[in-house]
1. Taking Asp23, is it under 14 Å from the mean Cα position of the chain (by Cα) and either surrounded by fewer than 17 Cβ atoms within 10 Å (Cβ to Cβ) or not in a helix (DSSP H, G or I) (or both)?
2. Can you tell me which residue in segment 38-60 is nearest to Ile120 (Cα to Cα), limited to those that are part of a strand (DSSP E or B) and not hydrophobic (A, V, I, L, M, F, W, C)?
3. Are any residues in segment 96-136 small (Gly, Ala, Ser) and touching an Asp or Glu at 6+ places or on another chain (Cβ under 8 Å), and if so, which ones?
4. Quick one: is Ala69 out of contact with any strand residue (DSSP E or B) (no Cβ under 7 Å at 6 or more places or on another chain), in a strand (DSSP E or B) and at negative phi?
5. Would you mind telling me which numbered condition in (1) touching a strand residue (DSSP E or B) at 6+ places or on another chain (Cβ under 7 Å); (2) closer than 17 Å to Ser121 by Cβ; (3) surrounded by 14 or more Cβ atoms within 10 Å (Cβ to Cβ) Asp63 fails?
6. Could you tell me whether segment 97-104 includes any residue that is touching a helix residue (DSSP H, G or I) at 6+ places or on another chain (Cβ under 6 Å), surrounded by 11 or more Cβ atoms within 10 Å (Cβ to Cβ) and closer than 21 Å to Gln35 by Cα?
7. Among the residues of segment 26-37, is any of a type outside the set (Val, Ile, Thr), free of Cβ contacts under 8 Å to residues at least 40 places away in the same chain, more than 21 Å from Asp111 (Cβ to Cβ) and in a strand (DSSP E or B)?
8. Do you know which of the residues in segment 26-44 that are within 12 Å of Val115 (Cβ to Cβ) and surrounded by 15 or more Cβ atoms within 10 Å (Cβ to Cβ) is nearest to the chain's Cα centre (by Cα)?
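Only the coordinates and a few stated rules stand behind these numbers; no lab work does. Computed from a predicted model, the values in this text were never measured in an experiment. Please note: Cβ atoms are built from the backbone with ideal geometry, for glycine as well, and neighbour counts cover all protein chains shown.
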Amino acid sequence: MLEELKALSQRVVSDIYNAGDFDAVEELFHPQYVQKPIGYKGQAGARRFVEELHAAFSNLSFDLVGQIAEDDSVVNLLIMSGEHTGALLEHIPPSGKNVVVIYAIIHRYVDNRIVEGVIISDQLGLMQQIGVVPTPVWSGTTGA
């Protein structure tokens, strides 16, 4: 059962996140899906999340680097990369910069469909990479 859930999460990454097969959302996401902490709900919400990522980043790619499964959930460790060529969060203009962001996405399953997704990502690092937030510059000196 756990290997089957891991395989379903692998399909979400390969088919939806990477290939942009938005029609697969209905097969892989439960109608009662809730995404935390963002709050997208239902299959339409799951689809919107991925569509917004694809609109903001060209050459979007998620590399699935690890998975842990237990009970009804799968923790997925991902590295996202892409070029910021579209509006992000509807108000951050494209920077044209290439980005790399680490994600941990927890999928909880009911009837072999994702009913809950908890997304943890390095948003500060993303905002620094696209120039919205300054990156601290460390001098490398001890002050002595």
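1. no
2. So the residue we want is Lys41.
3. Hit for segment 96-136 is Gly96, nothing else.
4. In short, yes.
5. (3)
6. Checked segment 97-104: at least one residue is touching a helix residue (DSSP H, G or I) at 6+ places or on another chain (Cβ under 6 Å), surrounded by 11 or more Cβ atoms within 10 Å (Cβ to Cβ) and closer than 21 Å to Gln35 by Cα.
7. No, every residue in segment 26-37 fails to be of a type outside the set (Val, Ile, Thr), free of Cβ contacts under 8 Å to residues at least 40 places away in the same chain, more than 21 Å from Asp111 (Cβ to Cβ) and in a strand (DSSP E or B).
8. If we take residues in segment 26-44 being within 12 Å of Val115 (Cβ to Cβ) and surrounded by 15 or more Cβ atoms within 10 Å (Cβ to Cβ), then Gln35 is nearest to the chain's Cα centre (by Cα).
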